[in-house]
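Every read-out reported here was derived from the displayed coordinates using simple, explicitly stated rules and does not represent laboratory data. Small disclaimer: the values here were computed from a predicted structure and weren't measured. Glycine also receives a Cβ, built like all others from the backbone with ideal geometry; neighbour counts cover every protein chain displayed.
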Amino acid sequence: MRTETKWKPWVATQKWNDLLFIHWPVPYESIRTQVPDEFEVETYDGQAWLSIVPFYGTSNRFRGMPGPIPFSSFLELNVRTYVNYKGDSGVYFFSLDASSDIAVAGARKLFSLPYFKAKMRKERNKHGILFTSRRTEKGAHPASFSAHYKPISQKSTAREGSLTHWLVERYCLWTIKGDKVLKGPIKHEPWDVQEAILDLDMDGMADFVPDSFLEAEPIVQFCQEKKVRFFPFEEVGRTEKTSI
């Protein structure tokens, strides 16, 4: 769902390649305890959701640059849920693993996003795409991920009001930095996704969710490429915390 945003000029652009959505319905309580109180955890037909999203980010470019930033392509793996702030819907990230030390350090420092360094690999073979990740961040909770996936249907856009539309058509992230509530808007064309088959093995990616839920069959959707524009983070509120 699109958020009501007064768009400022975009500041950076990127392509997301071979992106996979893996969605599970999970207990509301397991999500609520992990999300700051400032955000309302959203549900679909009374059900909370957790999603894991691996992709390859390329063509990173800041506005005004003639071409991509050198050596800026990297793999990324996100764990997220669905929240709103004062009625404005978006996503909340529990973790973002990335193969780029620069991306990890920059996003963590500037926006307090939970990025972690990881050793990652993506390759294509006759059976589809293999994406692997092992968190290497010193002091971070260990986490590993291995997914072999392949699209099996034609591309289609989600019908408004459907579960798929609710899960994927979101155009901002929410985070908290200090006592500031920050909104990170993005823009791209509507998702054109394909159903996909998946062979998944992971450990430590979302330990706050009972294993029985993540061992259930997820909804799996693939997108070959999506060009995205990023807009300046906006301070939209303050937390309830007070300094002593």
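Quick look at the numbers
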| quantity | calculated |
| --- | --- |
| Length-normalised contact order for the chain - Cα pairs under 8 Å, 6+ apart - percent | 24 percent |
| Sequence-distant aspartates and glutamates (8 or more away, or on other chains) whose Cα lies within less than 16 Å of K8 | E234, E235 |
| Pairs beyond 25 Å (Cα-Cα), from K86/K227; K150/K227; K122/K227 | K86/K227 |
| Convex hull volume per residue in cubic angstrom - Cα atoms of region 34-170 | 177 Å³ |
| Anchor K117: lysines whose Cα lies under 22 Å away (excluding residues fewer than 8 positions away in-chain) | K15, K109, K138, K177 |
| Gained length - R238 relative to H148, 0.36 nm times residue gap less alpha-carbon distance | 28.2 nm |
| Normalised contact order of region 52-134, rounded percent, pairs of Cα under 8 Å and 6 or more residues apart | 20 percent |
| Whole-Hz couplings from phi, Karplus 6.51/-1.76/1.60, listed for region 203-219; x for Gly and Pro | 8, x, 6, 8, 5, 6, 9, x, 3, 4, 6, 7, 8, 6, 5, x, 7 |
| Paramagnetic reach from K177 in region 105-136 [backbone N under 15 Å; point 7 Å along Cα→Cβ] | 105-115 |
| Stokes-Einstein D for region 163-213, Kirkwood Rh over Cα pairs, 20 °C, 1.002 mPa s (µm²/s) | 144 µm²/s |
